[in-house]
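Written below as structure tokens is the structure these notes are about.
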Amino acid sequence: MSNYEVEYHTVETPDKVNLSARVFKPKDKIKDNLVIVLVHPYSVLGGRQALLKGIATGLAANGYRAVTFDMRGVGRSTGRASLTGFAEVKDVIAVCNWVPENLSSDRILLVGSSAGAAIAGSAVDQVEQVVGYVSLGYPFGMMASILFGRHQKAILQSPKPKLFVMGTRDGFTSVKQLEDKLKSAAAPHETHLIQGVGHFEMEGPAYDADMVKLIPKFIDSLEVKQPVL
């Protein structure tokens, strides 16, 4: 018997796209009023909210509320996916604005996976309630930057706390590329490298448990990392 429950919702964006969303809630006491919004990988290559179910259920089992959703053009969500992810930034903002109204929370942690990390990064400073950001395999590399390079400035300049998680064998971003990018990033930020792991490996269920451990630790650190705005 599971120790979490799932609610199904529809979130409407300002441009009238309907997003299919799920809220994972602990059955027992909620540990923290903060809500974790998870943003899935690149829609064009099959990214969908189901890929984040393992992390969402793990977080709910540990007392946190987690929200997953299909971005436009994916699953039951209406609209059309874009190549560069800029239309999808509206989706992230819409879900984040939906959270305070429907989940009675004024604190949101944005967690993005792969291209979802780039898209979420562009939304961080557009939502007041977002208090921190976690990237799981941000595509900083040269080839990926052709599509997602214009998202980088927003997250690198954000004064909100940031955690960048990456496998040391990520095929889209090398450790050096990550380190070079973060040299110009506004504080506070930190990295967590997973040795010997590739990009798509880290996206797989084998590493969900690692993410479920890392994210709460980062949440705990937010109490002493209040950004100066």
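The values are calculated or read from the model by the stated rules, or taken from the named source; none is laboratory data. None of these values were measured; they are calculated from a predicted model. Note that we place each Cβ from the backbone using ideal geometry, even for glycine, and neighbour counts take in every protein chain shown. Calculation scope for accessible area: heavy atoms of the full protein, side chains included, ligands and nucleic acids excluded. Shrake-Rupley method; radii C 1.70, N 1.55, O 1.52, S 1.80 Å.
Brief remarks on what is shown
- For region 125-229: rounded, prolate or oblate by the Cα gyration tensor [a/c cutoff 1.5]: oblate
- Choice from Gly141, Gly196, Gly54 with maximal GNM fluctuation in the chain (Cα, 10 Å cutoff): Gly196
- Cα-based convex hull, the chain, per residue volume (Å³, whole number): 111
- Of all accessible heavy-atom area on the chain, the percent that carbon and sulfur account for (1.4 Å): 52
- Relative pair counts by distance (%), Cα atoms of region 44-99, 10 Å bins: 22, 48, 26, 3
- Dipole magnitude (debye, nearest 20) for the chain, charges at Cβ of Lys, Arg, Asp, Glu: 180
- Whole-Hz couplings from phi, Karplus 6.51/-1.76/1.60, listed for region 74-90; x for Gly and Pro: 10, x, 8, 6, 7, x, 10, 5, 9, 6, 9, x, 6, 5, 6, 4, 4
- Relative contact order [Cα under 8 Å, 6+ residues apart], the chain, whole percent: 16
- Global geometry of region 64-173, whether rounded, prolate or oblate, following the gyration tensor of its Cα atoms and the 1.5 cut on a/c: oblate
- Helix-only arithmetic for the chain: the sum of -39500 (n - 2.57) across DSSP H runs with n ≥ 4, divided by the residue total, places the mean residue ellipticity at 222 nm at -9500 deg cm²/dmol.
- Relative contact order of region 40-85, defined on C-alpha pairs under 8 angstrom at six or more residues apart (%): 35
- Taking label points 7 Å from Cα along the Cα-to-Cβ direction, His192 and Thr78 give a separation of 3.8 nm.
- Taking Leu103, Leu34, Leu52 in turn, the Gaussian network model of the chain (Cα-Cα springs below 10 Å) assigns the largest fluctuation to Leu103.
- Given their separation in residues at 0.36 nm each and the Cα-Cα distance between them, Lys183 and Gln126 gain 18.2 nm when the chain is fully extended.
- Loop sites in region 1-96: trypsin sites (Lys or Arg not before Pro), DSSP, at most 13 other Cβ within 10 Å: Lys16, Lys27, Lys29, Arg76, Arg80
- Cut-off 10 Å between beta-carbons: net charge of the residues surrounding Pro26, Lys and Arg +1, Asp and Glu -1: +3
- For region 93-154, convex hull of alpha carbons as volume per residue, Å³: 71
- Solvent exposure of the chain, expressed per residue, is 46 Å² of accessible area, with all protein chains present and a 1.4 angstrom probe.
- Sum of side-chain charges, Thr13 neighbourhood, beta-carbon under 9 Å (Lys, Arg +1; Asp, Glu -1): 0
- Highest-MSF residue in the chain out of Thr191, Thr173, Thr68 [GNM, Cα springs under 10 Å]: Thr191
- Potential lengthening between Ala61 and Met142 on full extension [0.36 nm per residue; Cα-Cα distance subtracted]: 25.4 nm
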